[in-house]
Amino acid sequence: MLDPQGRVDQVLAQSALPPVNVDAPKPTAPRARPATQRAQRATAQRRVASPALRQVEPVPYVAPSTGALGAPPVPYAGGQVATGAQLGFLGNRGVMNTPFNQVSYTAKLMQDQQARTVADVLANDPSVRSKTPSGNGVDGLYIRGFYYDSGDYAMNGLYGMAPAYSTQANYLERVELLKGPGVMLGGMPPAGAIGGSINLVTKRAPDYDITQLTGVYISKSQFGAFVDVARRYGEHKEFGIRFNGGGRGGQTPIDRQTDEFGDAVLNMDYRGERARVSVDMGYQAENLNPPQRFLTFTTSPPFPPAQAIQVPPVPRPGTNYMPDWAYWKPRDSFVMARAEVDMTDWLTMYASGGYHRSEVSYQYVSPRITNAGGVVGNWSNPALKGYDNYENYASDIGFRVSGHTGPVHHLFTVNYSTFDRDYISFGRSGGTVSSNLYNPLPIPLPNFTQIVQNLNTQTNMSSVGIADAMSMFGDRLQLIVGARRQSVGADSQNFATVPNSLTHIDRSVWSPGYAVIVKPVENVSLYANYIEGLKLPEIVAGTTTYSNVGEILPPAQTKQMEAGAKIDMGRITFTGSYFDITAPNATAVPVLGQALPARRLTGEQRNRGIELYTFGELAPWFRVLGGVTFINGEVVSQAYTYPGFGVINYNGKTPVGVSTVNANIGAEWDTPFVDGLTLTGRVIYTSESYADDANLLELPAWTRVDLGARYTFPSPWNGKPIVIRAAVENVFNEAYYNSYRTVSSAVSLGAPRTYLVSTTFNF
């Protein structure tokens, strides 16, 4: 076997080695394998095939415990996840020293699984579910049963810097997933996500040269190529530069759909004895024609049960019900800079700032099922054409102090962050168009004449966070206490509805956080936490639905209590957690003297669940990744007032989009019969869920099976590894619906069977 532990792949595909934060646990040395003939042959071949690394300085560069900028914590055994991640303004922390359920997926996993976007990476996690249609161009997610918008991704710790709709995976070193709210740790996300948070870490130059070319094929006829080039310069390799870029294009597995996707991202960094600086610049673009859109089954929100249309049978996988003239064209460009200065061995000052511009032009229709004429699957809705533009500015400044008071070690952190967004949205309607879900009809291009959206919104957020991470008894007991003062200001004006109206809100709230870790033995961590989240202020819309249109609802505070355990067996780790999250919801309440109800924050949703997860190696030649999440979602308080229908109460119902059981089980096996051949597999299961508040529209459970293989062999011209990867996602071409929470009673189609092939050359 050429590389039974995946080390050849890891050497060249993984883009960062130490420095690491000293808090992150050090990877254990591989256990000695029995001196069998198979092991001896594998060892001999690895010696021949492994590439020769550049010589590095005798003492590797290591940031102090108060630093966070630099390479993220090193990979765990198996290379699929990391030994730790950045925990907001607390900096890098190891898995066993993190009192939250957090996982960090590596660049090696992304490349081996041929992940296209962040949503593909998170398909490995049972607490995450994709909730936007395949072929939609938007990566909407659910985390712990709560909706998470792609615009809430943080990049290198700054919110609003990642592409607004879908982020390509080829230039990412880590995808760090924190499950549960975390305002105290990192501030409020732009859209106010409450089920979790995602931080994307871009690639930097490691201590060895990288010159890599990867050719890709994706069914039906998408072809592309991506490059990865990295170098370090200077006597001690102080200066680094890394470029990732490329593109793909062609016909997708969805009927009549083509997709063109490209990006170019450059990182430059400096690491000195006392200072570290990193600069990222990037551009990403996509042309998707025609994009899939979600389906609604009712008339206009909110929907009385009497008006609900039943969920039609799932169409054939790959069915494209959109008109040929529909398109989705996002463009994203960003630049950000980060710096850390070690004032002393125990004090680090840091600052970062960034700018991101996002533009998307679109032309589509979001089908609304009507079953007109008694024909199942008939749909109609107004066609839309327009654009959305975002300009985001973010900054972050603070310091970390490490010291002792008697037997207690402290890591004291103070942080100030800002986020500003200018948002312009303009749209025209082309009138109502109609077709059928199962037998799409040709739809002439309409004339887009009526202005239906002309919105200008400015959002300004700032926060001050303070925390003390205390430890004693050799880290056997750890306590984190902190709080953040979050301020949110918003001005909104919709010229299409009320030209002279201007809505303004300015609110500030405190969000505390507490956490504790107890280690009865070295490899076991027991933890508990209390932490809060915030929902973004909501601008009430719907002139025929609510009496308080234009009013901005204040930020809604969510609360989480969580307890869990982590067991690190050296090469495999098991985690388990229980969480309880309550979140306020907006409902429609009657108003004295008004014909229409008002939209108010009077509802509440509660999600309780258990998460079981494992990662690492059962044996040096067998890796596992995955687990199961059980969620008990309940509408604690939610009642709507419908004109002509009265008050309808949904208390006790299951929240929209929450599935009770979610399981993701993945494995890799280095075969003994072909040296260098690894077989992979993954099973994803999602139980039933509902697409409406009344629980009348049930979406069936579904199971997706993914299979793959990769073969690693030495190049005949330079001896460096060549890796061929092949995979089939949704092997059995299962047809299934995903629910989509943002628009009530809306669902989307899952991806059809998809073939993936890539070949990576190292020079």
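Each value in this text was obtained by applying a stated rule to the coordinates, not by laboratory testing. As the structure is a prediction and not an experimental result, all values here were calculated from the model. Glycine gets a Cβ as well: all are built from the backbone with ideal geometry, and neighbour counts include every protein chain shown.
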| remark: Contact order relative to length for the stretch 573-621, counting C-alpha pairs under 8 Å separated by 6 or more residues, stands in percent at 48
| request: Can you tell me the dipole magnitude for the chain around its Cα centre, using point charges on the Cβ only (Lys, Arg +1; Asp, Glu -1), in Debye to the nearest 20? | output: 1060
| query | In degrees between 0 and 90, to the nearest 10, how far off the longest principal axis of the chain does helix 37-49 point, with axes built from Cα atoms? | reply | 90
| request: Take peptides 182-190, 372-380, 570-578 and line them up by average Cβ neighbours within 10 Å, highest first, as a rough protection proxy. | output: 182-190, 570-578, 372-380
| Helical mean residue ellipticity (222 nm; -39500 (n - 2.57) per DSSP H run of 4+; nearest 500) of the chain | -1000 deg cm²/dmol
| query | Can you give the three extents of the C-alpha atoms in the chain along their principal axes, from longest to shortest, in whole Å? | reply | 78, 60, 43
| request: Provide Thr432, Thr370 in ascending order of the number of other Cβ atoms located within 10 Å of each residue's Cβ, fewest first. | output: Thr432, Thr370
| What is the dipole size for the stretch 349-428, taken about its Cα centre, with +1 at each Lys and Arg Cβ and -1 at each Asp and Glu Cβ, in debye to the nearest 20? | 260
| message | Please compute the contact order of the stretch 617-734 in relative form: average sequence separation of alpha-carbon pairs under 8 Å and at least six residues apart, divided by the residue count, as a percent. | response | 19
| field | Ranked by how many other beta carbons lie within 10 Å on average, peptides 195-208, 392-405 from highest | value | 195-208, 392-405
| In what order do His356, His410 fall by count of nearby beta-carbon atoms within 10 Å, going from fewest to most? | His410, His356
| query | What order do you get for 146-156, 752-762 when each peptide is scored by the mean count of other beta carbon atoms within 10 Å, highest first? | reply | 146-156, 752-762
| note | For the stretch 109-156, shape from the Cα gyration tensor axes a ≥ b ≥ c, cut at a/c of 1.5 then a/b versus b/c, turns out rounded
| task | Could you line up Thr614, Thr703 from fewest to most neighbouring Cβ atoms inside 10 Å? | result | Thr703, Thr614
| note | Quick note, the stretch 193-349: a/c under 1.5 would make it rounded; otherwise a/b > b/c is prolate and the rest oblate (a ≥ b ≥ c, C-alpha gyration tensor); here it is oblate
| message | How large are Rg and Dmax for the stretch 523-641 when calculated on the C-alpha trace, in angstrom? | response | 21.2, 72
| task | Mind jotting down a quarter of the surface of the convex hull over the alpha carbons of the stretch 342-416, in square nanometres, one decimal? | result | 10.9
| Across Lys179/Lys653; Lys131/Lys329; Lys535/Lys559; Lys329/Lys385; Lys108/Lys566, pairs whose alpha-carbon gap is larger than 18 Å | Lys179/Lys653; Lys131/Lys329; Lys108/Lys566
| said: Over the chain, what is the relative contact order in percent, taking alpha-carbon pairs closer than 8 angstrom and at least six residues apart? | reply: 13
